[in-house]
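Comments concern the structure below.
A short reminder: the numbers here are calculations on the coordinates, not readings from a lab. Here the structure is a predicted model, which is why all the values come from computation and not from measurement. Every residue, glycine among them, receives a Cβ derived from its backbone with ideal geometry; neighbour counts consider all protein chains shown.
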Amino acid sequence: MDGQLLRSQQWFGKKGKDGFIYRAWMKNQGIPAHELQGKPVIGICNTWSELTPCNAHFRELAESVKHGIYEAGGFPVEFPVMSLGETLIKPTAMLYRNLVSMDVEESIRANPIDGVVLLCGCDKTTPALVMGACSVNLPTIVVSGGPMLTGKYKGRDIGTSDVWRFSEDYRANKMSDEEFYVAEACMARSRGHCAVMGTASTMACMVESLGLSLAENAAIPAADSRRKVLAHLSGSRIVDMVREDLKLSDILTREAFENAINVNAAIGGSTNFIIHLLAIAGRIGIDLNIDDFNTSAQNIPLLANLQPSGKYFMEDFFYAGGLPALMKEMDGLIHRDTITVSGKSIAANYEDAECYNRDIIGTMDEPFNTVSGIVILKGNLCENGAVLKPSAATPGLMKHSGKAVVFETIEDYRSKIDDPELDVDETNVLVLKNVGPKGYPGMPEVGNMSIPKKLLDKGITDMVRISDGRMSGTGFGTVVLHVSPEAAVGGTLAIVQDGDMITLDVHAGVLHVELSDEEITKRKQLLNDAGTLTNRGYVWLYQTHVEQAHLGADLDFLRGASGSEVLRDSH
Ligand code: FES
């Protein structure tokens with residue numbers, strides 16, 4: 001960028017009336033003239049919101065970013081975008097991921113910004129911001145908010161995955177109302193996002209392994225002062241990235257995506273990783289498809305002993321050396337030369353890392369678990385794919401045939417699952433339809449359905465469950481997710497009936513319903529078009545344009561990029 005006109009100078013460097021307007025209103029904030037005279041202008045894209053508790057500390061984090069930007073000779077401008085709090089937003093935050101990405105894309109392009117810092121935390125805020133930024137492709141760096149401190153309850157460590165355990169204990173009358181209530185505050189005892197290797201932590205690892213953040217971004221706890229140091233350093237670094245013209249497309253190469261996929265296998269990352277990485281690849285123009293996520297063939301072991309696949313929490317992971325220490329162990333599976341936001345290779349980010357606790361970060365020779373990653377299933381029940389996370393599943397159910405017990409909708413499931421009359425035993429396969437991208441809409445995290453109460457009372461803790469929905473990254477079980485095509489667009493899932501025999505063979509990568517092609521075709525002819533939930537607004541737009549899960553569930557017209565050029569100039 002040295003010697004070239006900064007993008008922001010198309011606004012602030014202008015003469016006459018236009019320049020007057022661009023500068024004058026900035027000056028009402030008490031900004032001295034010299035800040036607008038050729039310094040790189042850095043947008044801080046902030047998802048702060050008190051309705052997104054995981055990101056509620058982001059105004060403070062933004063201040064640290066600003067200190068770094070000023071220090072390096074840049075000028076920071078903080079701007080809000082829609083935020084997505086996983087816990088409060090209804091019907092599901094995923095419905096709005098693409099909307100936020102549009103907000104981010106248009107906010108960046110429309111304003112006098114030379115480089116961007118993305119402040120992300122709660123699950124969807126990371127992919128939404130990265131997707132939007134990719135469609136503009138300016139120099140961009142990610143600062144994650146960091147995980148919560150480990151929860152403490154009755155002398156033991158807890159995190160978000162315990163919500164599912166507590167909930168089952170509560171349903172089975174093993175936990176009282178009072179204990180359930182007290183556990184809430186014990187779990188969420190500090191700022192930050194979920195403390196396990198759920199989707200938020202997976203996303204933080206994703207950006208670090210893609211090269212979009214400085215080293216150690218993934219695991220520094222939100223409450224640790226080093227999180228602010230990282231924000232400060234990121235602020236300084238983005239100014240230099242603008243000067244070097246180091247853009248997202250320089251970093252997000254096919255090799256960078258492959259690095260992220262391999263790292264995700266070794267950390268036991270969330271299944272949501274697939275859907276978000278596919279969407280990001282679609283924005284930056286990298287040819288990635290769902291089969292690229294089938295890491296089982298590469299025998300990547302699970303190195304991180306972190307919940308929900310293991311025992312520990314993100315705070316422990318940081319103390320053990322964090323993602324750099326883990327990536328160092330899998331050096332042979334990393335494209336070492338991919339460039340990162342630091343301007344150096346990804347290998348430079350981890351070469352000097354040390355592991356301080358082998359119980360938390362295993363080695364390739366002595367991993368935490370030889371089973372890792374994500375298996376992509378294919379078969380007549382999911383022609384375009386479905387996903388399963390073996391490390392979160394029960395080994396004895398990885399090859400299983402059972403008769404389907406079908407729930408047509410989420411409401412149908414809720415009304416029946418605890419009904420003592422429900423005709424179900426532990427050999428059955430639970431099938432939930434119409435929770436896909438279009439069908440719900442927004443593909444909620446309901447795929448890890450509760451075990452029917454009468455089986456729970458018998459001590460059953462896992463069953464094969466299949467749906468076109470997603471699962472929380474903190475969830476676990478032998479759960480087949482993201483079935484594509486989904487029921488609402490006439491996928492085979494739509495025609496499954498109670499009693500149909502379903503076979504899951506994880507090792508062979510097969511999901512099959514024992515029906516003839518003729519029977520499937522006959523049943524499909526009787527299907528009605530599901531239509532849309534409403535005939536106006538964003539939900540209509542979403543249902544009309546959302547792509548299937550195996551493509552990343554982006555809106556079809558958002559694929560690709562429009563760059564940073566403003567097409568019309570009204571002043
Ligand atoms: Fe925000 Fe889990 S609820 S990361």
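Between beta-carbons, use under 14 Å as the cut-off and find the net charge around Asn305, counting Lys and Arg +1, Asp and Glu -1. Intermediate results must be reported in sequence, preceding the final value.
On the way: positive: Lys311, Arg358; negative: Asp157, Glu315, Asp316, Glu329, Asp359, Glu366.
Overall, the nearby charge balance is -4.
Express the Stokes-Einstein translational diffusion coefficient of the chain in µm² s⁻¹, to the nearest whole number, given a Kirkwood radius over alpha-carbon pairs, 25 °C and a viscosity of 0.890 mPa s. Kindly include the intermediate steps, with their values, before the conclusion.
On the way: Rh = 24.3 Å.
Answer from the Stokes-Einstein relation: 101 µm²/s.
For the stretch 235-333, what percent of Cα pairs sit more than 24 Å apart?
For the stretch 235-333, the fraction of Cα-Cα distances above 24 Å is 35 percent.
Mind checking which lysines have their C-alpha under 16 Å from Lys458, skipping anything on the same chain fewer than 8 residues away?
Hits, sequence-local ones excluded: Lys174.
Return an integer: the convex hull volume of the alpha-carbon atoms of the stretch 343-386, in Å³ per residue.
140
Hey, could you pull the Cα Rg and Dmax for the stretch 385-470, both in Å?
12.7, 36
How many percent of the alpha carbon pairs in the stretch 138-196 exceed a separation of 15 Å? Before the final figure, lay out the partial values.
On the way: 907 of 1711 pairs.
Looking at the stretch 138-196, the distances longer than 15 Å represent 53 percent of pairs.
On the principal axes of its Cα set, how long, how wide and how thick is the stretch 235-285? Give whole Å, largest value first.
36, 23, 17
Among the aspartates and glutamates, select those whose C-alpha is under 19 Å from the C-alpha of Lys524, and discard any that sit fewer than 8 residues away in the same chain.
Glu383, Glu408, Asp468, Glu486, Asp498, Asp500, Glu514
Just need the relative contact order of the stretch 92-144 here, percent rounded to a whole number, with Cα pairs under 8 Å and 6+ apart.
46
For the chain, what proportion of DSSP beta bridges, expressed in % and rounded to the nearest 5, is antiparallel?
Just about 45 percent of them are antiparallel.
How big is the C-alpha Rg of the stretch 140-250 next to the rule-of-thumb value 2.2 N^0.38 Å, as a ratio?
1.37
Cross-link list Lys247/Lys328; Lys14/Lys228; Lys39/Lys228: which exceed 31 angstrom alpha carbon to alpha carbon? Mind showing how you got there, number by number?
Values: Lys247/Lys328 26 Å; Lys14/Lys228 36 Å; Lys39/Lys228 23 Å.
In this structure, Lys14/Lys228 lie more than 31 Å apart at Cα.
I'd like to know how the stretch 71-184 sits against the 2.2 N^0.38 Å rule of thumb: what's its Cα Rg over that expected value?
Normalised by 2.2 N^0.38 Å, the Cα Rg of the stretch 71-184 equals 1.45.
List the pairs from Lys124/Lys416; Lys90/Lys399; Lys124/Lys433 whose alpha-carbon separation is above 25 Å, in the order I gave them. Mind showing how you got there, number by number?
Values: Lys124/Lys416 30 Å; Lys90/Lys399 35 Å; Lys124/Lys433 23 Å.
Those over the limit are Lys124/Lys416; Lys90/Lys399.
Farthest toward the dipole's positive end in the chain, which of Ile274, Thr199, Ala215, given Cβ charges of +1 (Lys, Arg) and -1 (Asp, Glu) about the Cα centre?
Sorting the options by dipole projection puts first Ala215.
Could you tell me, in Å, what Rg and Dmax come out for the Cα atoms of the stretch 421-467?
Rg and Dmax of the stretch 421-467, Cα atoms, are 12.1, 36 Å.
Cysteines without a disulfide-compatible partner in the chain, using Cβ under 4.7 Å as the rule?
Isolated Cys, the chain: Cys45, Cys120, Cys134, Cys186, Cys194, Cys205, Cys355, Cys382.
Count the net charge of all other residues whose Cβ sits under 12 Å from the Cβ of Glu184, scoring Lys and Arg as +1 and Asp and Glu as -1.
Surrounding charge for Glu184 is -3.
Under the classification rounded if a/c is under 1.5, otherwise prolate if a/b is larger than b/c and oblate if not, where does the stretch 458-545 fall, given a ≥ b ≥ c as square roots of the Cα gyration tensor eigenvalues?
Since a/c reaches 1.5 but b/c is at least a/b, the shape of the stretch 458-545 is classed as oblate.
So what's the stretch 359-409 giving for Cα Rg divided by 2.2 N^0.38 Å, two decimals?
Numbers: Rg = 15.2 Å, N = 51, 2.2 N^0.38 = 9.8 Å.
Normalised Rg, Cα atoms only: 1.55.
Rounded, prolate or oblate: which fits the stretch 190-232 when a ≥ b ≥ c are the square roots of the eigenvalues of the alpha-carbon gyration tensor, with rounded for a/c under 1.5 and prolate only if a/b beats b/c?
It comes out oblate by the Cα gyration axes.
So if I place +1 on the C-beta of Lys and Arg and -1 on the C-beta of Asp and Glu, and nothing else carries charge, what would the dipole magnitude of the stretch 307-451 be about its Cα centre? I want it in debye, nearest 20. Provide the component values of the computation, followed by the final result.
On the way: 13 positive and 22 negative charges, 94 e Å.
Roughly 440 debye for the stretch 307-451.
Which whole-number percentage describes the relative contact order of the stretch 46-130, with Cα contacts under 8 Å and a sequence gap of 6 or more?
35
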